[in-house]
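K.L.:
Before I ask anything, here is the structure I am working with.
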Amino acid sequence: MLHMRILSPAAMTDDVIEILDRDTGVSGLAVVRGSSLKPRGDLVLADVAREAANDVIDKLRALGVHREGSIELDQVRTWMSRSGFDAELRTPGSSADAVVWAEVAQRSYEETELNWTYLSFMTMATMIAAIAIVLDSQILVIGAMVLGPEFGAIAALGVALVRRRFVLLGHAARTLLLGFVAAIVVTFLLVLVGRGLGWITVDHVTGPRPSTAFIYTPDKWSFIVAVIAAAAGVLALTSAKAAGLAGVFISVTTVPAAGNIALGVAFGVGDAIWGSTLQLALNLSGMALAGWATLALQQAVWSRVAVRRAKAMSRPYRML
């Protein structure tokens, strides 16, 4: 169940109420007249079955409420309502499977913002990855994978293509590119410092590393794992039951590959640079492709559900 909060201009409120009142996925509706100062108008509150959210939002957007007022959605974690239960039963699909596209798009824009926080996490993750390679430590590699913030931007590429948000596509691509470049450059400079102090030697880059050799030796499994992990990650991001993201982060070798690139450049080791670059490219391409395919499939499925819902709304319903 979702709680919808609408600040509606007074001239639009009656139309907003009509849209919500006629929708069988809306189980609760309240209006506080004259309570909104910006914009001058009313506060409208509604409880909406998650499966019905896209249709309701599309109708409100067509009315133009979001241009002069605002539409807010909150997940209701705990609720007790027979009318809400009936609304979910009347609405085709499962609430856990329902993709609220406004929610997904909003999160994608937030995840692709190139800011100090994103660059800091990206850089620190890459630094930890470089240290993990020097120490040949799988534990540190896992830590670097979890710390890296790049998956949000990778998933946003798929959202941008499926929803045709080309501005978002540009933001996501820029954030990924500049984030990895900045992280590799900073890590490269720190590796040079470590080299000058004698803490890191060429043997750390070229010597045997049984626990971290997978970082610079990509194969078909690297791509397959990236595809599966990205599909799981997108499902976690779009589902009401968001779980499993930590497993996705641990599965893909993006940040560790960036750390090894920095080490390889600092010591001029071509094999490390090429192998890690290929590993990074395979993982990014596999994740981007899987993210797009998963979202495209979800959109196709929910388009069919929307048709079923429209037919169901045209028929009278019986309270259970």
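The values are calculated or read from the model by the stated rules, or taken from the named source; none is laboratory data. As the structure is a computational prediction, the values presented were derived from the model and not from experiment. With ideal geometry, Cβ positions are generated from the backbone for all residues, glycine too; neighbour counts draw on all protein chains shown. The protein model used for the area step is the full one, side chains on, heavy atoms only, and it has no ligands, DNA or RNA in it. Shrake-Rupley method; radii C 1.70, N 1.55, O 1.52, S 1.80 Å.
K.L.:
May I ask you to derive the relative contact order of region 49-104, considering only C-alpha pairs under 8 Å and at least 6 residues apart, and to give it as an integer percent?
P.N.:
Once divided by the residue count of region 49-104, the mean separation gives 70 percent.
K.L.:
Report the extension gain between residue 139 and residue 5 in nm, rounded to one decimal, defined as 0.36 nm multiplied by the number of residues separating them, less their alpha carbon distance.
P.N.:
43.8 nm
K.L.:
Considering the Cα positions of region 90-223, please state its Rg to one decimal place and its Dmax as a whole number of Å.
P.N.:
In order Rg, Dmax, the Cα atoms of region 90-223 give 18.7, 69 Å.
K.L.:
Right, next: Could you give the length gained on full extension between residue 102 and residue 224, defined as 0.36 nm per residue of separation minus the Cα-Cα distance, in nm? Can you show the working numbers first?
P.N.:
Details: separation 122, 0.36 × 122 = 43.92 nm, distance 2.99 nm.
Gain on stretching residue 102 to residue 224: 40.9 nm.
K.L.:
Mind checking region 24-83 for trypsin sites (Lys or Arg not before Pro) that DSSP puts in a loop (not H, G, I, E or B) and that have at most 16 other Cβ atoms within 10 Å?
P.N.:
Those that pass, being in a loop and sparsely packed, are 40, 77.
K.L.:
Counting other Cβ atoms within 10 Å of each Cβ, which chymotrypsin sites (Phe, Trp or Tyr not before Pro) in region 181-236 have at most 12 and sit in a DSSP loop?
P.N.:
Sparse-neighbourhood loop chymotrypsin sites (Phe, Trp or Tyr not before Pro): 199.
K.L.:
Would you compute, for the Cα atoms of the chain, the largest minus smallest coordinate along each principal axis and list the three values in descending order, in whole Å?
P.N.:
Over the chain, Cα extents along the principal axes are 74, 40, 34 Å.
K.L.:
Now, a different point. At residue 193 and residue 33, where each label point lies 7 Å from the Cα along Cα→Cβ, what is the point-to-point distance in nanometres?
P.N.:
Each label point is offset 7 Å from its Cα along the Cβ direction, giving 6.6 nm.
K.L.:
Answer rounded, prolate or oblate for region 160-233, using the Cα gyration tensor with square roots of eigenvalues a ≥ b ≥ c: rounded when a/c is under 1.5, else prolate when a/b is larger than b/c, else oblate.
P.N.:
oblate
K.L.:
Using a probe of 1.4 angstrom, how much of the accessible area of the chain is carbon and sulfur, in percent?
P.N.:
The value for the chain is 63 percent carbon and sulfur by accessible area.
K.L.:
Within region 73-180, which chymotrypsin sites (Phe, Trp or Tyr not before Pro) sit in a loop by DSSP and count at most 15 neighbouring Cβ atoms inside 10 Å?
P.N.:
Values: sites: 79, 85, 101, 109, 116, 118, 121, 151, 166, 180; in loops: 79.
In loop regions of region 73-180 (DSSP not H, G, I, E or B), the sparsely surrounded chymotrypsin sites (Phe, Trp or Tyr not before Pro) are 79.
K.L.:
Could you tell me the convex hull volume per residue, in Å³, taken over the Cα atoms of region 1-102?
P.N.:
90
K.L.:
Would you calculate, for the chain, the mean residue ellipticity at 222 nm contributed by helices, counting each DSSP H stretch of 4 or more residues as -39,500 (n - 2.57) and dividing by all residues, to the nearest 500? Walk me through the numbers on the way to the answer.
P.N.:
Values: 14 runs with 212 residues, N = 320.
Rounded to the nearest 500, the figure is -21500 deg cm²/dmol.
K.L.:
Rounded to the nearest 0.05, what FRET efficiency do residue 80 and residue 58 have when you use their Cβ-Cβ distance and R0 = 35 Å?
P.N.:
For R0 = 35 Å, the calculated efficiency reads 0.75.
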